[in-house]
């Protein structure tokens, strides 16, 4: 796995990827909601081998964080899967002991102490894992100098679910609530503006209050999309959802709205799970969906 890719640079801002894992996941027909065998067969020729495994038909996902450096701050957007985390219902994530994420952070010349903000686009298992690390049998915040940014609505939803049925979301128990207990988090709305060049934009549906991160002016240079979209098949067919969506219909409406906004603009969309290099542009309309190209 390559430690570094070409960074995305605009003005005095630099965006890098920190890849943790590239792995085939569920079979495509189980992963996606609304995907038909006919659609899959029509597009298999380009989905394989980067997005669909040609041998087993599984969806291939890249698991990565985005690292944003401005003159003022170093910001981590999403924190991937993490090590030592019990995930009995998600065996691919269960009790990992990988060093790729740490090595790739170090390859950028950084340590966990250099991170000023950790922005969690949403609170799913593969986006909060490195929020904490195991120290003397306790889960403690990984980034000692960081303020962790959560949507307040998202945190309330998952905290209540964890209170009622902790076995259904162990990642909240070990990767979110210890951050809250340490008092190093900040709850915001999903349209919060940090300054003139960085703000959140609501992209709900995959989770109850998922947000994306806009960088640049009011016509942003880049948007870090989190799990607003998982696969390029959802660019062509925005109405196709995925199995862990909170509301797949709303997620599809969110994709339509954002893609139409980005259509024909130079704004780059930094996707969480696309194959490398993962950064795309929306280049045109196609049927009821959109064309795309790597930026």
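All of the numbers you see were taken from the coordinates with simple rules; none came from a lab. Since we're looking at a predicted model, the values are computed, not measured. Glycine also receives a Cβ, built like all others from the backbone with ideal geometry; neighbour counts cover every protein chain displayed.
Structure notes:
- Under the Debye formula (equal points on every Cα, no solvent term), log10 I(q)/I(0) of the stretch 250-292 at q = 0.30 Å⁻¹: -1.15
- Gyration tensor (alpha-carbon) shape descriptor, the stretch 71-133, a/c threshold 1.5: oblate
- In plain terms, the bigger the Kirkwood radius, the slower the diffusion; for the stretch 201-266, with that radius from Cα pairs, at 4 °C and 1.567 mPa s, Stokes-Einstein puts D at 108 µm²/s.
- Prolate/oblate/rounded label for the stretch 73-214 (Cα gyration tensor, a/c 1.5): oblate
- Over the chain, relative contact order from alpha-carbon pairs under 8 Å, at least 6 apart, %: 15 percent
- Of 153, 286, the sequence from fewest to most neighbouring Cβ atoms within 10 angstrom is 286, 153.
- Most to least packed among 193-201, 237-245 [average Cβ atoms within 10 Å]: 237-245, 193-201
- Between the stretch 107-149 and the stretch 210-233, the Cα center-to-center distance that results, in Å: 21 Å
- Mean Cα-pair separation over length for the stretch 94-241, i.e. relative contact order, pairs under 8 Å, 6 or more apart, %: 19 percent
- Share, in percent, of DSSP beta bridges within the stretch 8-294 that are antiparallel, nearest 5: 75 percent
- Antiparallel bridge percentage (DSSP; both residues within the stretch 69-151; nearest 5): 45 percent
- The helix-based estimate of mean residue ellipticity at 222 nm for the chain, built from -39,500 (n - 2.57) per DSSP H run of four or more residues and divided by its residue count, is -6000 deg cm²/dmol to the nearest 500.
- Shape of the stretch 151-190, Cα gyration tensor, a/c cut at 1.5: oblate
- By the Cα gyration tensor, the chain has an equivalent ellipsoid whose semi-axes, rounded to whole angstrom, run 27, 23, 19 from largest to smallest.
- Counting beta carbons within 10 Å around each of 93, 274 and listing the fewest first gives the order 93, 274.
- The chain: most fluctuating residue of 119, 29, 218 per GNM, C-alpha cutoff 10 Å: 218
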